[in-house]
Amino acid sequence: MKYKVLIVDDEPDMLSTCAAALSKDGYQVFLENRSPVALEKLKAQNFDLLVTDIKMPKLSGIELLKAAKEMDPAFPVLLITAFPELDSALEALRAGALDYLLKPFHPEDFASKIRRALREKQLGEENRLLARHVSREYAPVEVIGRSPAILRVLDMADRVAATPADVLILGESGTGKELIARRLHLRSGRRGRFIPVDCGAIPENLLENEFFGHEKGAYTDASRAAQGLMELADGGTFFLDEVCELPGSLQAKLLRALQEKQFRRVGGAEIRSVDVRIVTATNKDIEQEIKAGRFREDLFYRLNVISLRLPPLRERAEDVSLLAQHYLPKIAKEMRRPVTRLDDSAVEILAHYSWPGNIRELQNVLRKSVVVCEGDTLKATDLPEFLVTNSNGMEKGTENFFSLRASFEKEYLESLLKKHGGNVKTTAETARLPLSNLYWYLKKHQINPQSFR
């Protein structure tokens, strides 16, 4: 990216000195010795930095600084002067100048201040944009669970993480799709940022601007240029959550950007190159969306190099207790309550509920329960009434399912241990279970392998 620097000074020799000092940095340098003309250029063009002398005829550097700040309060301005007056320096800094440089100066000192100013500008833009998009209620990368269903997903995710393949994550709302996306990024070796965006949360008319950024003057309120999320993700991972919510017009532009690894900002002509890994997620039947004409088939094939399907919580009931124990202290701290543990009755009820809202619903139930809990132990009586009612028999089918499954697990493992003379390793291999999982089931059903030897 070539930064555009406007330098204003009524002395042509000083302009030449400044331009020479920046000749090796690859900037687009614009020189102007008339401050009123410089102001018109600021209004008409998109610059990344203004460098201006303070004392000039017609329009002073301070006035130019104030005019630039009226157009964009975040616009960086560096002032230079041959008059080392404390009052003018203080006035410049109060007006928002980034720095102040006395003439004569060494060319390298000047170039160094320019580099620092542009670096601070870039970091400021990134931080402003990131602040709107990376805030998440829970953003740990650890995926909690030891059920075979989730372990299969984690194994596949870890195998594809280090490859450049784009990944499509499928699963119901609240199953933890963003956690898997973050895990893929952290284990990929990519040094850039993880940039998430919820495609369904941004108004359609703003999506293109959010994705690709804009140039100054691209629309009425575009007083300065801004990077888009794809640009911020350069060298890293761009995570598009609820990708099926993208409108058709943006699907086409996204496909082109992914195929060419290039894009243009809104209102711009410059082609910008990016190196991003795309991870997408949806809770919809994406193939049905294609049949209905709401999602492009060619974009689907571009995104679906590798697909991971996250199981709903009802298919990994043995993980409910682990998840509850994991989130409880975080939620208790958030709600400023002294709750530190769950008693067995609460765990039993949580494990027997079907969780249509998945992990997000579990977190919400824990919040409600923590608020009403008295003491440090969350009990069954603290849980929402609908949860207790369902567990006690309103949904007999659910209760019978869990009871039958528990009976099957116990009888199945006991028969294998008997067959293999209590050999735990051979039993795990026959059951196709990781050894740690088998030990968990043995503990759950209070089975002692030694009694089969």
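The values are calculated or read from the model by the stated rules, or taken from the named source; none is laboratory data. All values reported here derive from a predicted model rather than from experimental measurement. Methodologically, a virtual Cβ is constructed for each residue, glycine included, from the backbone with ideal geometry; neighbour enumeration extends over all protein chains shown.
Scanning the range 154-178 for residues that are part of a loop (DSSP other than H, G, I, E, B) and under 18 Å from Gln363 (Cα atoms) yields a count of 6.
Just for helices (runs of 4 or more DSSP H) wholly inside the range 355-440: which have at least 2 residues that are at pLDDT 80 or above and in the same structural domain as Lys330 (by TED's automatic domain parsing)?
Where helices (runs of 4 or more DSSP H) fall fully within the range 355-440 and carry at least 2 residues being at pLDDT 80 or above and in the same structural domain as Lys330 (by TED's automatic domain parsing), they are 358-372, 385-389.
The number of residues in the range 293-321 that are more than 25 Å from the chain's Cα centre (by Cα) and hydrophobic (A, V, I, L, M, F, W, C) comes to 2.
Set side by side, the residues Ser16, Ser35 differ, and just one is over 37 Å from the mean Cα position of the chain (by Cα), among the hydroxyl-bearing types (Ser, Thr, Tyr) and surrounded by fewer than 18 Cβ atoms within 10 Å (Cβ to Cβ), which is Ser16.
State which residue is farthest from Gly293 (Cα to Cα) when the search covers only the range 217-269 and only residues that are of a type in the set (Asp, Glu) and part of a helix (DSSP H, G or I). Here the residue is Glu231.
Evaluating Ser223 against the criteria (1) in contact with a helix residue (DSSP H, G or I) (Cβ under 7 Å, 6 or more places away or on another chain); (2) without any contact (Cβ under 8 Å) to a residue 60 or more places away in the chain; (3) more than 23 Å from Leu299 (Cα to Cα) leaves one unmet condition, (2).
Suppose the filter is at pLDDT below 85, buried (at least 16 other Cβ atoms within 10 Å of the Cβ) and either in contact with a Phe, Trp or Tyr (Cβ under 6 Å, 6 or more places away or on another chain) or under 20 Å from Asp109 (Cβ atoms) (or both); does Ala21 pass it? Answer is no for this residue. Among the residues of this structure, Leu229 does not count as one that is more than 30 Å from Lys4 (Cβ to Cβ) and under 18 Å from the mean Cα position of the chain (by Cα).
Just one of the listed residues (Asp72, Asp53, Asp99) is surrounded by 13 or more Cβ atoms within 10 Å (Cβ to Cβ), touching a Ser or Thr at 6+ places or on another chain (Cβ under 7 Å) and closer than 30 Å to Asp221 by Cβ, and it is Asp72. For the range 21-35, a residue qualifies if it is outside any loop (DSSP other than H, G, I, E, B) and farther than 16 Å from Tyr3 by Cα, and the qualifying residues are Glu32, Ser35.
Here is a yes/no grid of residues against (1) over 18 Å from Asn205 (Cβ atoms); (2) buried (at least 20 other Cβ atoms within 10 Å of the Cβ); (3) free of Cβ contacts under 8 Å to residues at least 24 places away in the same chain; (4) acidic (Asp, Glu):
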residue	(1), (2), (3), (4)
Gly248	no, no, no, no
Leu254	no, yes, no, no
Ala269	yes, no, yes, no
Arg272	yes, no, no, no
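When residues of the range 115-163 are filtered for being closer than 30 Å to Leu433 by Cα and at pLDDT 70 or above, how many remain? Number of matching residues: 22.
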